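Notes to accompany the following structure.
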């Protein structure tokens, strides 16, 4: 008689939310530190604060880029 198959647990984990640092966003957008912080300050780019660290969720960066593309297309 064959042993029972191993038990595999399937957990529905939420997709990992990548958080970017300001320097990572600077590199992706080819902008300086002040420009990125201005986007955060004016709420054009969403961010969160963890302690003293500022982090930008990757979906927020994607939303910012899509919004800017739509604005450029409408102009």
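The values are calculated or read from the model by the stated rules, or taken from the named source; none is laboratory data. Owing to the predicted nature of the structure, the values given are computational and were not obtained by experimental measurement. Neighbour counts run over all protein chains shown; Cβ positions are idealised from the backbone, glycine included.
Working only within segment 40-49, note down all residues that are part of a strand (DSSP E or B) and touching a residue at least 12 places away in the same chain (Cβ under 8 Å). It would help to see each step written out before you state the result.
Residues of segment 40-49 part of a strand (DSSP E or B): 48-49.
Residue satisfying the conditions is 48 alone.
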Unmet criterion (only one of (1) modelled with pLDDT of 95 or more; (2) in a loop (DSSP other than H, G, I, E, B)) for residue 26 = (2)
